[in-house]
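Participant: Dumping the structure here so I can ask a few things about it.
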Amino acid sequence: MIKLTLVVPTYNLSHYFNETLQTIANQTEDFELWLVDDHSTDGTAEKAAEFVKGIPMFHVEQFDHHHGVSAARNFGIDHATGDAVAFVDGDDRLHPDFAKTIITGFQKETPAVTVGYQWWHTPMEQQDHYETFSQQMMFRQASLRGSEIGGYVWNKAFSLPAIRQQQLRFDESLTIAEDYLFTTTYIAHNPGIYLYDPAIRYTKINRPNSTLRSRSAAERRVEDQVFDRIYRMGAQLAKVTGGAS
């Protein structure tokens, strides 16, 4: 049986966190949980500590300083014990079968499993089934802003042994596009058949003070620089794979 670890960074999530915790509690399959609080000051940390009480597979870590979401995710990588790891944002919502869909997919020996999500759009087809993607096809999807699969980490789960083997980390110097860089770097280093279930298993919540709503001109320049790195990585992958789709 595949063991899944959910890593959930939290930071001043206010009332949004309550619904996220409820959707975590409603999962239909067992999993390991790491709630990593990035020095919240609004009661989020206390809610996290209360939520994990009495559940052996649930854990909480509370940072004594604010380090950023990448540091929280890297902490999760270091402490996860699952075969696969998923990075869930602490203000979003999970379908009850989120964990089940990922666990079932990894039983098919894939480098990563992606699920359908609802945000600014929904998948064209939402039938619950696994579609297969080559490494090159998955990289193309993950490197395109606005694609159905996207380069986000929150609608995906990755092989934890593969992450550790290539010593992959989230870049803690970035405050934007760090998820795209992580996802595309992972794909570029892990050949195989990737799985995508377009059924909606993740709902992204737009908060008024979210990073996407408050990007500065400097952050947009950094984002463009990150995508330049990604495009160069994609060109190198195309050479190695011969452009196979």
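The values are calculated or read from the model by the stated rules, or taken from the named source; none is laboratory data. Computed from a predicted model, the values in this text were never measured in an experiment. Please note: Cβ atoms are built from the backbone with ideal geometry, for glycine as well, and neighbour counts cover all protein chains shown. These area figures cover heavy atoms from the full protein model, side chains too; ligands, DNA and RNA do not enter into them. Shrake-Rupley method; radii C 1.70, N 1.55, O 1.52, S 1.80 Å.
Participant: Could you pull out the residue among Gln22, Gln27 that is farther than 25 Å from Ser173 by Cα, open to solvent by 20 Å² or more (accessible area, probe 1.4 Å) and under 18 Å from the mean Cα position of the chain (by Cα)? Spell out how you get there, then give the answer.
Facilitator: Numbers: Gln22 fails: under 18 Å from the mean Cα position of the chain (by Cα).
Gln27 is the lone residue from the list that is farther than 25 Å from Ser173 by Cα, open to solvent by 20 Å² or more (accessible area, probe 1.4 Å) and under 18 Å from the mean Cα position of the chain (by Cα).
Participant: Quick one: count up the residues across region 1-11 that are out of contact with any helix residue (DSSP H, G or I) (no Cβ under 6 Å at 6 or more places or on another chain), outside any strand (DSSP E or B) and under 21 Å from Arg73 (Cα atoms). Steps first, answer last, please.
Facilitator: At the first step, the residues of region 1-11 found to be out of contact with any helix residue (DSSP H, G or I) (no Cβ under 6 Å at 6 or more places or on another chain) are 1, 3, 5-6, 8, 11.
From the residues that got through so far, the ones that are outside any strand (DSSP E or B) too are 1, 3, 11.
If we keep only those that are under 21 Å from Arg73 (Cα atoms) as well, we get 3, 11.
So the answer is 2.
Participant: Additional query: Among the residues that make up region 62-69, is at least one of them closer than 19 Å to Phe170 by Cβ and surrounded by 20 or more Cβ atoms within 10 Å (Cβ to Cβ)?
Facilitator: yes
Participant: Tell me, which residue of region 161-180 that is surrounded by fewer than 18 Cβ atoms within 10 Å (Cβ to Cβ) and charged (D, E, K, R) is farthest from Gly68 (Cα to Cα)?
Facilitator: It comes out as Arg164.
Participant: For the list (1) open to solvent by 10 Å² or more (accessible area, probe 1.4 Å); (2) of a type in the set (Lys, Arg); (3) in contact (Cβ under 8 Å) with a residue 60 or more places away in the chain, I need the number of the one condition that Lys156 fails.
Facilitator: (1)
Participant: Please list, ordered by first then second residue, the pairs with beta carbon atoms under 9 Å, 6 or more apart or interchain, first in region 232-245 and closer than 16 Å to Ile193 by Cα and at pLDDT below 85, second aliphatic (A, V, I, L, M) and assigned to a helix (DSSP H, G or I).
Facilitator: Ala244/Met137; Ala244/Ala238; Ser245/Met137
Participant: Let me ask something additional. Checking Thr122 against (1) more than 14 Å from Asn155 (Cα to Cα); (2) open to solvent by 20 Å² or more (accessible area, probe 1.4 Å); (3) in contact with a strand residue (DSSP E or B) (Cβ under 8 Å, 6 or more places away or on another chain); (4) assigned to a loop (DSSP other than H, G, I, E, B): exactly one of these is not met. Which one?
Facilitator: Unmet condition: (1).
Participant: Name every residue in region 30-39 that is open to solvent by less than 20 Å² (accessible area, probe 1.4 Å) and either in contact with a Phe, Trp or Tyr (Cβ under 6 Å, 6 or more places away or on another chain) or farther than 24 Å from Asp97 by Cα (or both), in order of residue number. Can you show your working first?
Facilitator: Our first condition is that a residue be open to solvent by less than 20 Å² (accessible area, probe 1.4 Å); within region 30-39, this holds for 31-33, 35-38.
Selection gives Leu33, Val36, Asp37, Asp38.
Participant: The conditions are (1) open to solvent by 20 Å² or more (accessible area, probe 1.4 Å); (2) without any contact (Cβ under 8 Å) to a residue 40 or more places away in the chain, and Ala45 fails exactly one of them. Which is it?
Facilitator: With (1) open to solvent by 20 Å² or more (accessible area, probe 1.4 Å); (2) without any contact (Cβ under 8 Å) to a residue 40 or more places away in the chain applied to Ala45, the lone miss is (1).
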